[in-house]
Structures are given as structure tokens and as C-alpha cells.
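Enquirer: Once you've had a glance at the structure underneath, I'll fire off some questions.
The values are calculated or read from the model by the stated rules, or taken from the named source; none is laboratory data. For clarity, every value in this text was computed on a predicted model and none was experimentally measured. Every residue, glycine as well, gets a Cβ built from its backbone with ideal geometry; the counts of neighbours run over all protein chains shown. For the accessible areas, the whole protein counts, side chains as well, though only heavy atoms, and no ligand, DNA or RNA atoms are used. Shrake-Rupley method; radii C 1.70, N 1.55, O 1.52, S 1.80 Å.
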Amino acid sequence: MTEEGLRRATARVNLSAIERNCGRLCSELRSGAELCAVVKADGYGHGAVPAARAALAGGARWLAVADAAEVTELRAAGLTDRRVLVTGALSDAERAEALAGGGELVVWSEDGLRDVLAAGGGRVHVKLDSGMGRLGTREVGQATRVVRAARGLEGIELAGVMTHFATADELEDGGFFAAQLATFTQWARELKAEEPALLAHAANSAAMLRDAASQFDMVRCGVAIYGMDPFGQDPGERGLEPALELSSYVAEVKLCAAGESVGYGRRFVAEHATFIGVVPIGYGDGWRRQLTNNADVLVGGRRHPLVGTVSMDSITIDLGPGEDALMARGERAILLGFQGSERLTAEEVAHRLDTINYEITCGLTPRVPRVYHRDGEATTVASAPAGAADGAGSPAPTRG
Ligand SMILES: *Cc1c(COP(=O)(O)O)cnc(C)c1O
């Protein structure tokens, strides 16, 4: 890894890892199925544009986002030649913006088709709600009517049919995933009998890894392309490589005598004299306050417990009673990533917080610069447009 010098809370993103994760996912696809890389929420915190470019280099054919501004961001960065699916709910103004950017929208009613026409027309994917209970229609008959209506409307292009799974990541789901899959399979089969080329898609990362029958013509993978495990397990077991390393450094080391405390609310009181390291990262960076007395940080290749309250701008770690702790001043501190043989994953942190890995990387705030590299080689992220290239070390473009 190129050393740019120490920085406070920084996310280093290995674009080669994203590329390899996509290659790995593509190698599991049934023949004819394509990978759509989901880069919503700023690429799950990794940076939407660099993540999209890396995913495409790794074999993804499509991109997906959740909202209109995300379409605009990709297009403005020069990603103009790829189809972009917009999966989320859109207001009228957002619908017009998404369509202007060539985004492909999700519809499930005749009214929805009219809204698309009113906003300028474009490509649509008809969504059957096979059990998620959010967007889409639960009525197969209605979904089929919308498909037929879309075919007949000037200004509308029927681009695909889709559904979304509620429990793909829960292996003990009482057969719910299988039931959703059966419902969609049946519907897609009927429609494909009329139009064999119709694009059907259903799977997220968990579904595609769980059951190849869910892949249809395209899979929409987010979490796995970033090297996180959709089942919350060790990503390495599925050949996925975490792309994001979160680091900071030990800014200060000082002795905390027995009985003395550290941080707001005195949530850590030393039983024995010990050295405390102060690391500049906090909940203002997305390192959540619930990690108070409940996380490890790697310094010098070893785990050290986070002790005391997570503050907005800093945390404190217990470096132990040995005088050698004083040597840690100025050392890199890893919050997510590898050091020596030790490793901290988003899955571990999520488990401690009783949440999912997605929320860990999505929760990193704009204050954390995203620095891009390829297996340690500094990289220029954007090839276009001229003048907008990000040098390694510069923060990712962020949207408000
Ligand atoms: C976010 C999202 C995905 C990607 O899900 P992962 O679990 O991150 O792979 C796929 N489809 C839809 C509709 C989504 O909203």
C-alpha cells in the first residue's frame, strides 16, 4: 500500500477488489445471465462512480441505483453508455430527472405508466411484489396487464420484469424465499412464452449465491461486489474480498492510572494502570456511539479494545500496561481491514451492533475521505471528463 502519510479517519477503497468480486460473481452466473452492479447510497459508502467503473471492469453489464440524483451523478461522471436501473420510489420531479438521465424505472400500475409518459417516457421494468411488501403489485393479473399495456404504449419501452426477495439472506425462512421464487418463476415463464427475449430479474447478492434458479437473465448485486457477505458471515468463505479499509492513527498515548477514567460519562475506569491511545475517528465519521466499550482496533498487528465512550471526533483504545505502548504514538490504527494476521470485518462490527454489514459502510459520513487504489497502487479514479479526474488521496465526490 502506498503510504500517503497518516490521516484521521480515512476509507481506502481497493478498486481491484471490487473488480475481482464482480468477476467472481460473474463466474457463478448461469449462461446468458448478466450482472447488474448496485451502486446506490454512494456505492454502499465506497463511492458510486469509482465503484461503478470497477464493477464494469470486472464484468458487470448494468448499473442500478435507488434515486434520480444517483442517475445524474453517474451520467455526469461520464458513465453514459450503460443501462441504469432505478429501483426506488420517485416523486414526479425525480421521475423526470431519472428519465432525462436515461434511467429505467420500475412500474406496477397503469397509472405508473402514465406517470412515466408524463415525465417524458422511457424504459420500464414491471415489478411483481411476490412477497417483499414494498413496491410492486401483489396481483399477478395486474402485473401482466401492465406488461401488456407497456408493450402497446408509444413513448414506453418494456425493458424487463422483476421482483425482489424478502428473505434471501435468511436460510431458515420457513420456505418464504422458495415461495417467492416459485411465484416469480411461474409469472416470468408465462410472459417469456409470449416474448422469449423479455429480461427477467429477481436476485440480490444473497439470492444469486443461494440458488442459481433465482438468477434468470440478470442479477442485481450490491453488497457482494464490495466484498461483504450477504449472509453476514466471513466473506472469505464465499471468495469475496472486502474492498474498504477504514483506518486512522494513534494521535496520543498517555497513562491512565488505576481508578482514573476515560471519556464522556466515565464509561471506562481503569482497574490497573494502563496506556490509552487516542484515535481520531468518532460517530461524526460514522463510527457509531454504540461501539462504546464494544469494538477492537488493530495497532501494530494486534487487537486492542476500544474503551470508553465513542465521541464525535475520537475514540480511545486500551494499549495495555507495557511501556512499549508509548511506541504506538503515530502508528496506523485499523478499524476495518487487515493488519498482520489480524482482521476486522464489517460483519464483525455489524454483529456487535446487532445490525447488518451494509449499515457499517453506508454509515461512513462524508467527512471520511475515500482514497482509491488498486492492490496498493495509487490510482487515478476518473478517466473522464477532462479536469474532473480524482488523484489518489483526494476525497471522493460526495453529494449533499
Ligand atoms: C439494494 C437492492 C439490491 C441489491 O441488494 P444486495 O443485497 O446489496 O445485493 C437489489 N435489488 C433491489 C431492488 C435493491 O433495492
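Enquirer: Given (1) within 16 Å of the ligand (Cβ to nearest atom); (2) among the basic types (Lys, Arg); (3) closer than 16 Å to GLU241 by Cβ, identify the lone condition not met by ARG20.
Expert: (1)
Table: residues versus (1) touching a residue at least 12 places away in the same chain (Cβ under 8 Å); (2) part of a strand (DSSP E or B); (3) under 24 Å from ALA207 (Cα atoms); (4) acidic (Asp, Glu).
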| site | (1), (2), (3), (4) |
| --- | --- |
| ASP111 | no, no, no, yes |
| VAL126 | yes, yes, yes, no |
| GLY133 | yes, no, yes, no |
| GLY141 | no, no, no, no |
| ALA149 | yes, no, no, no |
| HIS164 | yes, no, yes, no |
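Enquirer: Still on this structure, I have one more. Quick check: anything in the stretch 68-80 more than 22 Å from THR345 (Cα to Cα), touching a helix residue (DSSP H, G or I) at 6+ places or on another chain (Cβ under 6 Å) and part of a loop (DSSP other than H, G, I, E, B)?
Expert: Yes.
Enquirer: How many of the residues making up the stretch 81-109 are assigned to a helix (DSSP H, G or I) and open to solvent by less than 30 Å² (accessible area, probe 1.4 Å)?
Expert: Summing the residues that are assigned to a helix (DSSP H, G or I) and open to solvent by less than 30 Å² (accessible area, probe 1.4 Å) in the stretch 81-109 gives 2.
Enquirer: Within the stretch 301-309, identify whether any single residue is touching an Asp or Glu at 6+ places or on another chain (Cβ under 9 Å) and free of Cβ contacts under 8 Å to residues at least 24 places away in the same chain, and answer yes or no.
Expert: yes
Enquirer: Right, another one. Are any residues in the stretch 119-130 more than 13 Å from the ligand (Cβ to nearest atom) and touching a helix residue (DSSP H, G or I) at 6+ places or on another chain (Cβ under 8 Å), and if so, which ones? Quick ask: steps written out before the conclusion?
Expert: First, the residues of the stretch 119-130 that are more than 13 Å from the ligand (Cβ to nearest atom): 119-124, 126.
Listed by number, the residues that qualify are ALA119, GLY120, GLY121, GLY122, VAL124, VAL126.
Enquirer: Please find, within the stretch 2-37, the residue that is modelled with the lowest pLDDT out of those that are in a loop (DSSP other than H, G, I, E, B), open to solvent by 20 Å² or more (accessible area, probe 1.4 Å) and among the small types (Gly, Ala, Ser).
Expert: GLY5
Enquirer: Taking the residues in the stretch 167-189 that are within 16 Å of the ligand (Cβ to nearest atom) and not in a helix (DSSP H, G or I) as candidates, determine which candidate is least open to solvent (accessible area, probe 1.4 Å).
Expert: Filtering the stretch 167-189 for residues that are within 16 Å of the ligand (Cβ to nearest atom) and not in a helix (DSSP H, G or I), the one least open to solvent (accessible area, probe 1.4 Å) comes out as ALA168.
Enquirer: Taking GLY259, is it open to solvent by less than 50 Å² (accessible area, probe 1.4 Å), free of Cβ contacts under 8 Å to residues at least 24 places away in the same chain and assigned to a helix (DSSP H, G or I)?
Expert: Numbers: open to solvent by less than 50 Å² (accessible area, probe 1.4 Å): yes; free of Cβ contacts under 8 Å to residues at least 24 places away in the same chain: yes; assigned to a helix (DSSP H, G or I): no.
Here the answer is no, as GLY259 does not meet what is asked.
Enquirer: Which numbered condition in (1) within 22 Å of LEU364 (Cα to Cα); (2) at pLDDT 95 or above; (3) in a loop (DSSP other than H, G, I, E, B) is the only one that ASP42 fails?
Expert: (3)
Enquirer: How about the stretch 190-209: which of its residues are surrounded by fewer than 24 Cβ atoms within 10 Å (Cβ to Cβ), within 11 Å of the ligand (Cβ to nearest atom) and not aliphatic (A, V, I, L, M)?
Expert: Result: ASN204, single match.
Enquirer: A further question follows. Step by step: first the residues of the stretch 220-247, then only those that are in a loop (DSSP other than H, G, I, E, B) and hydrophobic (A, V, I, L, M, F, W, C), then the one that is most open to solvent (accessible area, probe 1.4 Å). Which residue is that? Explain how you work it out, then say what you get.
Expert: Let us first name the residues in the stretch 220-247 that are in a loop (DSSP other than H, G, I, E, B), namely 222, 227-234, 239-243.
Among the residues that remain, those that are also hydrophobic (A, V, I, L, M, F, W, C) are: 228, 231, 240, 243.
On the way: MET228: 8, PHE231: 34, LEU240: 9, ALA243: 3 Å².
Result: PHE231.
Enquirer: Additional query: Taking the stretch 273-300 on its own, how many of its residues are free of Cβ contacts under 8 Å to residues at least 60 places away in the same chain, open to solvent by 20 Å² or more (accessible area, probe 1.4 Å) and over 15 Å from VAL349 (Cα atoms)?
Expert: Of the residues in the stretch 273-300, 3 are free of Cβ contacts under 8 Å to residues at least 60 places away in the same chain, open to solvent by 20 Å² or more (accessible area, probe 1.4 Å) and over 15 Å from VAL349 (Cα atoms).
Enquirer: Of everything in the stretch 301-328 that's more than 27 Å from the chain's Cα centre (by Cα) and open to solvent by 60 Å² or more (accessible area, probe 1.4 Å), which residue is nearest to THR274 (Cα to Cα)?
Expert: PRO321
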